[in-house]
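Worksheet: the structure to be examined is printed underneath.
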Amino acid sequence: MRWAGAGNYEEMSRITAEHMFNLISGKLSNNGSARIGMATGNTMIKLYSVLAEMLNRARIGLANFSTFNLDEYVDKNGLNVGHEHPLSYHRYMTEKFYNLLDPHLGFKQECMYFPDAGNPVQYDKLINEAGGLDFQLLGIGFNGHIAFNEPVREGAMSENDFAALPSRIIQLDELTIRTNARLTAGGDAGIVPHRAVTMGMKSILKAKEIMLLACFSEQTVPLGKLKTGKVSTENPASFLLKHPSVSIIYTTDKIEL
């Protein structure tokens, strides 16, 4: 696991955008394909605008560029929330990234994938049949979750079983709901769904490369737990310690490690 401190949010976003651009352009420039796992949230907004600008400037065709998002909220009927929902991650990605891409580069909307609450395990099959993820972008919850793989009390599930969790619908922790209400819903917890469909730990950990970004002071605690080297179901991000290619980029102006 590689750690890198960035001076601030802007620097963290630029470093990550440059890395993702180099990876994507390198794979596409020789008529190859690029399969990138995408994350959402306030942490990623600047990164996506910078990455879109880089891709547009390079004029590299994006017909073979596919994105696989980590998660989506689930409505009261057990289905993905509609794209019109104010917290829809499909809406977020469309506004913060896809609509910023020059349409002449050929990115195809059908290559923009999200887990489906109607058939979550199909997402793992889709990713596997596509050849797996070349790169997975992650944030980290204040409780240590990655995607919406929430903590599980130690002893309630073995490490092996937790690492093998498939894509599935999950009940969100109260801390996650409160945090998302404050950061993305203007403090209105009433519009934050209590369930989500998430990419499972298994597909995340199978990605060839993983990069985790952190820029909130509240993330100091789960990141500090990573520093101990202990893998625990109570800190899902700690399972990244088992992965051979993980980078963590954090802002030193907000996080002290």
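Per the listing LEU223, LEU205, LEU212, the residue uniquely modelled with pLDDT of 95 or more and over 15 Å from ALA39 (Cα atoms) is LEU223. Cβ separations smaller than 7 Å between residues 6+ apart or across chains give the following pairs from the range 200-215 residues that are closer than 15 Å to ASN149 by Cα to residues that are at pLDDT 95 or above and of a type in the set (Phe, Trp, Tyr): MET201/PHE162; MET201/PHE239; LEU205/PHE239. Taking every residue in the range 174-187 that is on the phi < 0 side of the Ramachandran plot and pairing it with any residue that is at pLDDT 95 or above and acidic (Asp, Glu), at least 6 positions away or on another chain, the pairs with Cβ-Cβ distances below 7 Å are THR176/GLU150.
Among residues of the range 169-225 being aliphatic (A, V, I, L, M), part of a loop (DSSP other than H, G, I, E, B) and within 18 Å of the chain's Cα centre (by Cα), the one that is farthest from ALA17 (Cα to Cα) is LEU172.
Apart from one condition, ALA156 fits all of (1) under 22 Å from SER13 (Cα atoms); (2) surrounded by fewer than 18 Cβ atoms within 10 Å (Cβ to Cβ); the exception is (1).
Could you list all residues from the range 226-257 that are part of a loop (DSSP other than H, G, I, E, B), of a type in the set (D, E, K, R) and either crowded, with 19+ Cβ neighbours inside 10 Å or in contact (Cβ under 8 Å) with a residue 24 or more places away in the chain (or both)? Give the derivation first.
Here is the first cut: in the range 226-257, the ones part of a loop (DSSP other than H, G, I, E, B) are 228-231, 233-234, 243-245, 252-257.
Among the residues that remain, those that are also of a type in the set (D, E, K, R) are: 230, 234, 253-254, 256.
GLU234, ASP253, LYS254, GLU256, listed by residue number.
Here is the figure for the range 134-148: residues that are touching a Gly at 6+ places or on another chain (Cβ under 7 Å) and surrounded by 23 or more Cβ atoms within 10 Å (Cβ to Cβ) total 2.
Within the set ASN22, ASN99, ASN30, ASN77, the sole residue that is within 23 Å of ASN128 (Cα to Cα), without any contact (Cβ under 8 Å) to a residue 24 or more places away in the chain and surrounded by fewer than 16 Cβ atoms within 10 Å (Cβ to Cβ) turns out to be ASN30.
The values are calculated or read from the model by the stated rules, or taken from the named source; none is laboratory data. Since the model is a prediction, treat every value here as computed from it, not as a measurement. A quick note on method: Cβ atoms are made from the backbone with ideal geometry, for glycine too, and the neighbour counts reach across all protein chains shown.
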